[in-house]
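Read through the structure below, which is laid out as structure tokens, and then see the notes.
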Amino acid sequence: MFIKYVALLIIITCANPIAAESRSAEEFMVELTDKTFCSNSEYIGCMNVTREVCIKSYKKAYRLCASKNSYENIPSPVCVTDNYINFMGVSEKTVESCEEIAAKIAGKTKNAPNK
């Protein structure tokens, strides 16, 4: 399911100690999501959204979920992903059709060295 690929990205990067050192978790995750998903023309084309909608939807989802979690404002990956998809306004059918693209992106990110 699509959720596992976006959630995987969140889990991988939230565990990155460099993220905590250099900036807020929200800034780090928004920037990473932009670079990984929102700036990927194949992904945004498949999801039929603009880069701006992708980024705004992710920010809104992250903030909503972080406000619900009292543990260092680190949101649940499932909460972020579910809300991110809802805020983008894409159908379940669209999400399912883009699953391979999301998997490919997440796989590349998972194998990237931490910098």
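The values are calculated or read from the model by the stated rules, or taken from the named source; none is laboratory data. All values derive from a computational prediction rather than experimental measurement. Cβ atoms come from the backbone with ideal geometry, glycine included; neighbour counts cover every protein chain shown.
Restricting to segment 34-65, give me the number of residues that are exposed (fewer than 15 other Cβ atoms within 10 Å of the Cβ) and without any contact (Cβ under 8 Å) to a residue 40 or more places away in the chain.
Kept after step one, since they are exposed (fewer than 15 other Cβ atoms within 10 Å of the Cβ), are these residues of segment 34-65: 35, 39, 41-42, 45, 48, 50, 52.
If we keep only those that are without any contact (Cβ under 8 Å) to a residue 40 or more places away in the chain as well, we get 35, 39, 41, 45, 50, 52.
So the answer is 6.
For segment 17-39, check the following and say yes or no: at least one residue is outside any helix (DSSP H, G or I), at positive phi, modelled with pLDDT of 90 or more and not basic (K, R).
Within segment 17-39 (the criterion being outside any helix (DSSP H, G or I), at positive phi, modelled with pLDDT of 90 or more and not basic (K, R)), the answer is no, since none of the residues qualifies.
Go through (1) closer than 16 Å to E31 by Cα; (2) of a type in the set (A, V, I, L, M); (3) assigned to a loop (DSSP other than H, G, I, E, B) for I55 and report which single condition fails.
Of everything listed in (1) closer than 16 Å to E31 by Cα; (2) of a type in the set (A, V, I, L, M); (3) assigned to a loop (DSSP other than H, G, I, E, B), I55 misses just condition (3).
Conditions tested, residue by residue: (1) farther than 17 Å from A25 by Cα; (2) basic (K, R); (3) exposed (fewer than 12 other Cβ atoms within 10 Å of the Cβ); (4) at pLDDT 90 or above.
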position	(1), (2), (3), (4)
P77	no, no, no, no
N86	yes, no, no, yes
T94	yes, no, no, yes
E99	yes, no, no, no
A103	yes, no, no, no
K108	yes, yes, yes, no
N111	yes, no, yes, no
